[in-house]
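The values are calculated or read from the model by the stated rules, or taken from the named source; none is laboratory data. In this text the structure is predicted, and so the values were computed from the model without any measurement. All Cβ positions, glycine included, derive from the backbone under ideal geometry; neighbour counts span all protein chains shown.
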Amino acid sequence: MSRVFYFGLLFAAFCTHATVVRSAEIEGVKIDDKVVQGSGGPELVLNGAGVRHKLAFLKVYIGSLYLAKKTTDRDAVLADAGPKRVSMHILSNEVSASDLIAAMNNALAANLVPHELALIEKRIRDLNNMMSAVKTISKGTVVNLDYIPNSGTRITINGQEKLIIPGEDFFRALLHVWIGSQPVDGRLRDAMLGRPSRLF
């Protein structure tokens, strides 16, 4: 076996190992490989997770996407009417509910046409009002947005249910915040879709 080939094998093994570690732990936070949507609910698998950056250096939260079945196809995720979860594990003490609201609203406006926004306008206000009432979101807080078929989008903060917003179309619109063509963070989008990062 040549020395070049040997070191090539070592490098490949290291990369494989590193990928496994990143999928299990990010920024010192353990990311569950599987989650269950409440008692007796369906089991979802981790599709991908990564860090949401602000101004390139501030680490805001870990964003995780859970699906019934893994896929790197964004259109397939958006078209799927089955259960899903987007989870945000807050990493910074410099984030507020108003920060999250502003980022979500800007991403929705960037990804949806006016007609699409008009259809969910009232429900966006309901979400904004709920988040505004929370005000401060401290480091370590976990915000889950679950789409539950025939129920809607359930928002929980540290396991406490805050709001359920009806309509599969609403959760599909929300997904554009993270995996749309103009997401809040391109590297996070790639990570949540299980794709190699394009570093922009």
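Per the listing 129, 106, 93, the residue uniquely assigned to a loop (DSSP other than H, G, I, E, B) and in the same structural domain as residue 175 (by TED's automatic domain parsing) is 93.
Conditions tested, residue by residue: (1) under 25 Å from residue 62 (Cβ atoms); (2) surrounded by 15 or more Cβ atoms within 10 Å (Cβ to Cβ); (3) among the hydrophobic types (A, V, I, L, M, F, W, C).
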| position | (1), (2), (3) |
| --- | --- |
| 97 | yes, yes, yes |
| 103 | yes, yes, yes |
| 108 | yes, yes, yes |
| 114 | no, no, no |
| 136 | yes, no, no |
| 142 | yes, yes, yes |
| 148 | yes, yes, yes |
| 156 | yes, yes, no |
| 159 | yes, no, no |
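Is it the case that residue 173 is over 28 Å from residue 30 (Cβ atoms), buried (at least 20 other Cβ atoms within 10 Å of the Cβ), over 12 Å from the mean Cα position of the chain (by Cα) and at pLDDT 95 or above? When the stated conditions are applied, residue 173 passes them. Listed conditions (1) within 14 Å of the chain's Cα centre (by Cα); (2) over 17 Å from residue 158 (Cβ atoms); (3) not polar (S, T, N, Q) are all met by residue 85, apart from (2).
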